[in-house]
1. Could you list all residues from the range 55-71 that are touching a Leu at 6+ places or on another chain (Cβ under 9 Å) and either surrounded by 13 or more Cβ atoms within 10 Å (Cβ to Cβ) or farther than 15 Å from F25 by Cα (or both)?
2. Which of the residues belonging to the range 11-34 are in contact (Cβ under 8 Å) with a residue 24 or more places away in the chain and either touching a helix residue (DSSP H, G or I) at 6+ places or on another chain (Cβ under 8 Å) or surrounded by 14 or more Cβ atoms within 10 Å (Cβ to Cβ) (or both)?
3. Quick check on the range 35-48: of everything there that is buried (at least 18 other Cβ atoms within 10 Å of the Cβ) and more than 14 Å from I8 (Cα to Cα), which residue is modelled with the lowest pLDDT?
4. Out of the range 35-45, which residues are touching a residue at least 12 places away in the same chain (Cβ under 8 Å) and hydroxyl-bearing (S, T, Y)?
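The values are calculated or read from the model by the stated rules, or taken from the named source; none is laboratory data. All of these numbers come straight from a predicted model, not from anything done at the bench. A quick note on method: Cβ atoms are made from the backbone with ideal geometry, for glycine too, and the neighbour counts reach across all protein chains shown.
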Amino acid sequence: MEALILEILAEVSQRLAGHGGSVEFVRFSEENGLLEVRFNGTCRTCPLAAFTLEHGVAAAVKEKVPQVLQVILVQ
């Protein structure tokens, strides 16, 4: 499952690269379905980071990995 999450995050990072950013896998807990990610580059300080997290990262991962129930941003 982690390999699939990493693949999805790599795809999302390719889209974010056009804006000078990326998303990085931190940890996934199968116990509670919590995925932790970190933004890098310009995404770290972008005012649209919350939107990107919910509608970009979380939506892409949850669509293909239903075990992911929540995606949170960590520093």
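1. G56, V57, A58, A60, V61, K62, K64, V65, V68, L69, V71
2. Across the range 11-34, the qualifying residues are E11, V12, R15, L16, H19, G21, V23, F28, G33, L34.
3. C43
4. If the condition is that a residue be touching a residue at least 12 places away in the same chain (Cβ under 8 Å) and hydroxyl-bearing (S, T, Y), then T42 is the only one that fits.
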